[in-house]
Amino acid sequence: MTAETISHAFERVRTLLTSRPEAGIHADTPATARWARDLHVTCHDEHGEQIATDMPVTLGGTGERVTPGWLMRAGLASCVVTRIAMAAIAEGIEITRLEVLATSTSDARGIFGMTSEAGEAISPGPLQVRLEVRIGARGATREQVQALIEESYRCSPVSAALENEVPVAVHIEIDAP
């Protein structure tokens, strides 16, 4: 796709959602994760795209694949990069370099349902996440690029899912013995 095609698409959807806000509510593409063996899991979408996960050797995996936590960081980084690119193209800013490094710190005790010395539950999720945005751009001031990045982070669906408390409904279906 060309920058012009992306810019037109961005504006077309923005115009549609301004006039018909209800059109913005939609079901996202489902992701199905299926246990393969040991700690290997294969995830796929409805179009057959797949990615496999595993756990590190220290947690009983083979370390042959990325971990689910890495997928979360990759999803966050790629979503922020995509949103920055969309906004830059729509604003006529030429990107010469764009990458986002997503890192996090976690406490592995949370995976095992352990508690702290004070008896508090330890979260299995990251204790903190850090994004490092590296960008080169033409056609905008430093301040404009800074504002574009901040707005893009705020409008990134994955960053919003991590920042906000999103309700998750768990439905359990158990096969008959």
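If you take the beta carbon distance between residue 6 and residue 26 as r and set R0 to 22 Å, what does 1/(1 + (r/R0)^6) give as a FRET efficiency, to the nearest 0.05?
The computed FRET efficiency comes out at 0.65.
So how tilted is helix 142-154 from the main axis of the chain? Cα-based, degrees 0 to 90, rounded to 10.
Helix 142-154 sits roughly 40 degrees off the main axis of the chain.
With a Förster radius of 22 Å, plug the Cβ-Cβ distance of residue 154 and residue 46 into 1/(1 + (r/R0)^6) and report the FRET value to the nearest 0.05.
My answer for the efficiency is 0.15.
Dipole size in debye (nearest 20) for the chain around its Cα centre, Lys and Arg Cβ +1, Asp and Glu Cβ -1?
440 debye
Modelled label-to-label distance, residue 70 and residue 146, 7 Å Cα→beta-carbon offset: nm?
3.5 nm
Among (1) 45; (2) 55; (3) 61, find the value of percent of Cα pairs over 22 Å apart that was calculated from the structure presented, and write down its label.
It is the one labelled (3).
What relative contact order, as a whole-number percentage, does the chain give when Cα pairs under 8 Å and 6 or more residues apart are counted?
Relative contact order comes out at 16 percent.
Could you check the simple spin-label distance between residue 128 and residue 116, using points 7 Å along Cα→Cβ, in nm with one decimal?
It is 1.4 nm.
Among 62, 96, what is the fewest-to-most ranking by other Cβ atoms within 10 Å?
Fewest to most other Cβ atoms nearby, the residues stand as 96, 62.
Given H placed 1.01 Å from N in the peptide plane, which residues other than close sequence neighbours of residue 67 have an amide H under 5 Å from its amide H?
Counting only residues 5 or more places away or on other chains, the set is 54.
For segment 106-177, what relative contact order do you get, as a whole percent, if you take Cα pairs closer than 8 Å and at least 6 residues apart?
18 percent.
Where nothing but the Cβ of Lys and Arg (+1) and of Asp and Glu (-1) is charged, how large is the charge dipole of segment 46-130 around its Cα centre, in debye to the nearest 20?
Rounded to the nearest 20 debye, it is 140 debye.
Bear in mind that the values in this text are calculations on the coordinates, not laboratory data. On a predicted model such as this, the values are computed, not experimentally measured, just so you know. Backbone-built Cβ (ideal geometry, glycine too); neighbour counts: all protein chains shown.
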